[in-house]
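A short write-up of the structure that comes next.
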Amino acid sequence: MFDWLVIGGGIHGCTISTYLIKHRKVQSEKLCIIDPHSEPMARWKRNTARISMQYLRSPSVHHIDVHPFSLQHFGKIAEEHNPFYGMYKRPSLQLFNEHSDKVIFETNLTNSWHRGLVTNVQKVMDFWEVTTEKGEIIRSKNVIIAISVNEQLLIPDGAEELAVESPNRVHHIFDDNLGDLTEMRAPIAIIGGGITAAHLAIKMAKEYPGEVTLIKRHPFRLHDFDSDPGWLGLKRQGPYRKVKDYTIRREQIKEARLKGSVPRDVLHKIKRLEIEHKLRVVDGEVNSYITEQEYLRLNVNSLSIKVRNVLLATGFLPTRPGEWVEKLIEAENLSCANCGYPIVNKDLEWCPHLYVMGPLAELEIGPIARNVSGARQAAERIVSSL
Ligand SMILES: Cc1cc2nc3c(=O)[nH]c(=O)nc-3n(C[C@H](O)[C@H](O)[C@H](O)COP(=O)(O)OP(=O)(O)OC[C@H]3O[C@@H](n4cnc5c(N)ncnc54)[C@H](O)[C@@H]3O)c2cc1C
């Protein structure tokens, strides 16, 4: 029997595990982290590597360790040339990952790692029984659900038919089955107007200069962060916590999230590539297409764009993650808002000894819930309630 079991070993799962261990709320042998990957934070590392993201968008005080300046101190001894970028000291991806690996090593999280996919969670007397896809049953006194929406790939309406008709030529950038992008045949269209699309466009334009078109529905939205920094603290969270109607909270989250936005440095790189004719940027939607033997012709406004491959950088479906959570909700009579997301207390407890983090905690934490800062705040709330 474990004391704590964390479902999902991404940034959120690793942050709470680190907090539990470093605050001495659990011993390594009494902690179990279940995740289908072979190592911690695998999905994060794969997704960010795939788009060759150089620097994180978030500042250096956002990381998986307990002490806020842990990453900054680590950066000082790093051998990397430019480990931080700009006034917010945004860490390089390499530094962030090396620091995470160091924290994971210090806390011996791999000792608590159990490779598997959770398919069911049920209460038995005063503990939880967690079942994996292999039929294993693991028992724990407390459970934290730290899964994300990152597996729910969003294919936009205009591209659905195209993706079904030409599955070998149209791919979501975070698709598990997507092969090596450097072996893809150009010309290539990238669909999407946010930071993922921008990073991807920079990568692909360097790989295939003059053969990449970025197609986006709206002009670039320039914002340093993906929500106003006031949401990190009481300035915005204070009034938000006073809102008792969860439909209004959901509306506020939607409004606060600066979806499809890019920070200045990334936009500068895009503009430079455009000026150098290495990248074409088109504002508009694919309203029709023609499939040919070798090419796809995408009709955007009055343009016909001839490509061999289309990459969708269109994000994730916002629906509540984890199909198996439905059964748990019914069995334990757990509260959910109209949007389907959990209503939890301020300690992120959905019912006694069952906690949530990440998107599942967003009605309590607010628009930053999915980010690294949200992971830290969630971990602080859970640990300080123990
Ligand atoms: C390209 C990109 C760049 C980003 N950059 C930033 C940034 O700079 N700053 C920032 O603050 N945020 C950033 N984010 C947002 C956020 O921090 C990341 O999405 C981060 O990966 C979220 O961590 P997570 O642990 O919630 O999710 P994930 O990394 O997706 O981890 C969840 C884990 O849960 C596992 N899981 C799912 N279902 C089950 C199950 N049934 N049983 C067991 N395990 C399960 C998954 O396999 C996965 O390993 C970025 C996101 C993306 C996509």
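The values are calculated or read from the model by the stated rules, or taken from the named source; none is laboratory data. Bear in mind that the values here come from a model prediction, so they are computed numbers and not experimental data. Ideal geometry is used to build each Cβ from the backbone, glycine not excepted, and the neighbour counts take in all protein chains shown.
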- Item | Any chance E330 is closer than 30 Å to N120 by Cβ, under 25 Å from the mean Cα position of the chain (by Cα) and without any contact (Cβ under 8 Å) to a residue 60 or more places away in the chain | no
- Could you check, for region 109-121, whether at least one of its residues is surrounded by fewer than 20 Cβ atoms within 10 Å (Cβ to Cβ), at pLDDT 95 or above and in a loop (DSSP other than H, G, I, E, B)? yes
- Query: Could you say whether any residue in region 257-280 is in contact (Cβ under 8 Å) with a residue 24 or more places away in the chain, under 30 Å from N338 (Cβ atoms) and out of contact with any strand residue (DSSP E or B) (no Cβ under 7 Å at 6 or more places or on another chain)?
  - Reply: yes
- Would you check if E129 is without any contact (Cβ under 8 Å) to a residue 24 or more places away in the chain, out of contact with any helix residue (DSSP H, G or I) (no Cβ under 8 Å at 6 or more places or on another chain) and not in a strand (DSSP E or B)? no
- Query: How many residues, within region 303-331, are out of contact with any helix residue (DSSP H, G or I) (no Cβ under 9 Å at 6 or more places or on another chain) and β-branched (V, I, T)?
  - Reply: 4
- Message: If I filter region 355-379 down to residues being farther than 18 Å from T247 by Cα and touching a Phe, Trp or Tyr at 6+ places or on another chain (Cβ under 7 Å), which single residue comes out as surrounded by the most Cβ atoms within 10 Å (Cβ to Cβ)?
- Response: V356
- Message: Based on this model, can you work out whether F105 counts as aromatic (F, W, Y), at pLDDT 95 or above and in contact with a strand residue (DSSP E or B) (Cβ under 9 Å, 6 or more places away or on another chain)?
- Response: no
- Query: Across region 362-386, what is the number of residues that are closer than 23 Å to F2 by Cα and of a type in the set (A, V, I, L, M, F, W, C)?
  - Reply: 6
- Give the residue that is surrounded by the fewest Cβ atoms within 10 Å (Cβ to Cβ), with candidates limited to residues of region 27-63 that are of a type in the set (S, T, Y) and under 18 Å from Y85 (Cβ atoms). S52
- Within region 8-41, work out how many residues are small (G, A, S), under 19 Å from S373 (Cα atoms) and either assigned to a loop (DSSP other than H, G, I, E, B) or near the ligand (Cβ under 10 Å from one of its atoms) (or both). 4
- Note on the structure: For L222, the lone unmet condition from (1) away from the ligand (no atom under 13 Å from the Cβ); (2) under 23 Å from G86 (Cβ atoms); (3) modelled with pLDDT of 95 or more is (3)
- Based on what the data block shows, is L5 at pLDDT 95 or above, away from the ligand (no atom under 11 Å from the Cβ) and buried (at least 24 other Cβ atoms within 10 Å of the Cβ)? no
